[in-house]
Amino acid sequence: MSTTQKLQWVFWLGLAGFLAWDFSASGPVDLRNEPPLIAAGSGQATSGGHCSMAK
Amino acid sequence: MKRLPLAALVAAFFLFLVFSVSVRQAVLLLVGMGMGAALAGARFGFTTGWRQLIEQRDPRGVTGQALLLALASLAALPLMGQFSELNAALGPPSVSLLIGAFVFGLTMQIADGCGSGTLYKAGLGVPLNMGILPLFAFGSFLGSVHLDQWLSLGQTEPVSLSAQFGTDGALALTLGLLALALLGVRAWVGSGKQWIDKRWVWGAVALAVLATLNLLLAGQPWGVVYGFGLWAAKVSVALGAFDPAANAFWSQAGNAQRLTQTVLMDVTTITSIGILAGALWVSAKSPSADKPLTAQQWAIGLVAGFVMGYSSRLAFGCNVGAMLSGISTGSLHGWIWVPLAFAGTMVGVRMRRRFGF
């Protein structure tokens with residue numbers, strides 16, 4: 001296995017580990033209040049984070 | 001990784017998202033994968049396109065980018081006029097934007113990848129970009145922590161071209177400015193140049209379609225930087241190194257709430273994971289072959305990646321969040337971002353040469 005391939009494994013395992021930790025450490029997901037599949041036309045205001053936001 | 005096990009892993013993650021998070025996030029993962037495959041498959045590098053224009057007077061990359069901006073605007077502006085649920089990427093014109101965009105344009109040349117570029121190259125397995133990604137995240141987080149201090153240097157309210165001129169007026173102005181930019185490119189490269197490259201064109205069309213899908217599904221334009229900052233913020237809070245309640249940005253209701261939720265509920269996070277996976281899918285067929293870097297180049301590249309993350313937050317986005325999403329949804333800040341980032345890039349390509357990249 002080359003050094004780059006080892007680095008790739010470290011990278012992906014690190015990402016998977018972070019996501020697993022985050023999911024277990026965060027508050028539970030409220031599945032009954034999940035956002036609409038398509039925001040357009042849903043009548044629900046969207047409230048996601050975006051890099052253009054100043055606040 | 002071979003494609004079959006990769007497909008199985010993606011399918012498992014997709015089902016996990018469907019049953020444990022939301023159907024929308026699962027579908028956005030696929031949209032992100034499409035973006036990653038398009039970026040990596042077409043080698044659609046915003047950074048490379050600008051560098052080729054400056055160093056080789058080759059306009060093909062920026063023509064592809066202009067096509068992407070035009071197509072995305074043609075879709076996004078009328079859709080936003082039709083559906084009130086869809087938000088524009090509105091950033092405030094500010095001192096922070098001017099400085100942030102310039103520094104971002106400079107550092108993205110040294111780091112050889114903007115926000116999306118870092119993602120897809122990390123997905124392809126380029127060592128420097130894999131190393132940059134966590135530093136980009138911490139830089140983005142630190143930029144958000146300091147954002148209120150930067151904004152205190154001077155800012156105005158975000159300007160929406162749609163609100164100012166209506167959908168048709170905003171679209172005409174956007175397309176007119178893009179045409180003007182291409183005229184400037186024509187003056188720089190001179191006559192007898194090849195303008196169209198199939199690779200850039202299909203990349204632009206695919207990315208415009210996927211960016212529009214992102215807007216329709218999520219209700220907000222494609223973004224990269226916010227998700228990175230959120231990841232680092234969550235780690236910092238968990239380590240007890242950061243108190244979000246004492247910070248202007250992270251104590252805002254929406255940001256504070258997202259800190260308590262899994263990042264899998266964040267739109268920008270899920271598309272970014274998709275981009276990584278989409279690029280990995282492409283790399284299974286055509287692995288990247290990059291030349292090894294010296295220790296000095298590694299150090300410089302990693303520092304550039306960190307500064308790039310910091311400055312992207314000051315600039316209210318990278319080439320995706322500010323340029324593509326800002327311009328295509330009619331935000332003035334996107335049009336301020338481009339010349340400043342390009343000026344930074346003109347310095348960055350020289351520094352890049354100096355360090356032997």
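Before moving on, here are some points about what is shown:
- Dipole of the protein assembly as shown computed with +1 at Lys/Arg Cβ and -1 at Asp/Glu Cβ about the Cα centre; of B:LEU106, B:GLY91, B:PHE357, farthest Cα towards the positive end is B:PHE357.
- Note on B:LEU9 and B:LEU79: their simple-model spin labels are 3.0 nm apart, each label 7 Å out from Cα toward Cβ.
- Tilt relative to chain A, helix A:3-25 - C-alpha long axis, 0 to 90 degrees, to 10: 40
- The radius of gyration of the Cα set in chain A, together with its Dmax, comes out at 17.8, 52 angstrom.
- Against the empirical curve 2.2 N^0.38 Å, the C-alpha radius of gyration of the range B:178-303 lands at a ratio of 1.47.
- Cα pair distances of chain B binned at 20 Å [whole percent]: 31, 62, 7
- Whether the range B:44-198 is rounded, prolate or oblate, judged on the alpha carbon gyration tensor where a/c under 1.5 counts as rounded: oblate
- The magnitude of the dipole of the range B:3-354, with charges of +1 and -1 set on the Cβ of Lys/Arg and Asp/Glu and taken from the Cα centre, is near 1100 debye.
- Computed over the protein assembly as shown, the percent of Cα pairs more than 28 Å apart is 43.
- At q = 0.24, 0.33, 0.35 Å⁻¹ the log10 of I(q)/I(0) for the range B:4-44 amounts to -0.79, -1.00, -1.04, computed by Debye summation with a single uniform scatterer per C-alpha, solvent ignored.
- Secondary-structure-derived ellipticity at 222 nm for the protein assembly as shown, considering helices only, amounts to -23500 deg cm²/dmol, per-run term -39500 (n - 2.57) for DSSP H runs with n ≥ 4.
- Mean separation of Cα contacts under 8 Å (6+ apart) over length of the range B:3-354, as relative contact order %: 40
- DSSP H segments from chain B that extend 18 Å or more along their own axis, Cα-based, with Kyte-Doolittle mean of 0.0 or above: B:3-20, B:23-41, B:60-82, B:95-111, B:127-151, B:161-189, B:198-218, B:225-238, B:267-285, B:295-314, B:332-354
- For the range B:133-279, a simple Cβ point-charge model (Lys and Arg +1, Asp and Glu -1, everything else neutral) yields a dipole of about 520 debye relative to the Cα centre.
- Relative to the Cα centre, the charge distribution of the range B:222-357, modelled as +1 at Lys and Arg Cβ and -1 at Asp and Glu Cβ, gives a dipole magnitude of about 480 debye.
- Here the ratio of the Cα radius of gyration of the range B:242-357 to 2.2 N^0.38 Å is 1.33.
Read the figures in this text as sums done on the coordinates, not as results from a lab. Nothing here was measured: the structure is a model prediction, and the numbers come from that model. No Cβ is skipped: glycine too gets one built from the backbone with ideal geometry, and neighbour counts run over all protein chains shown.
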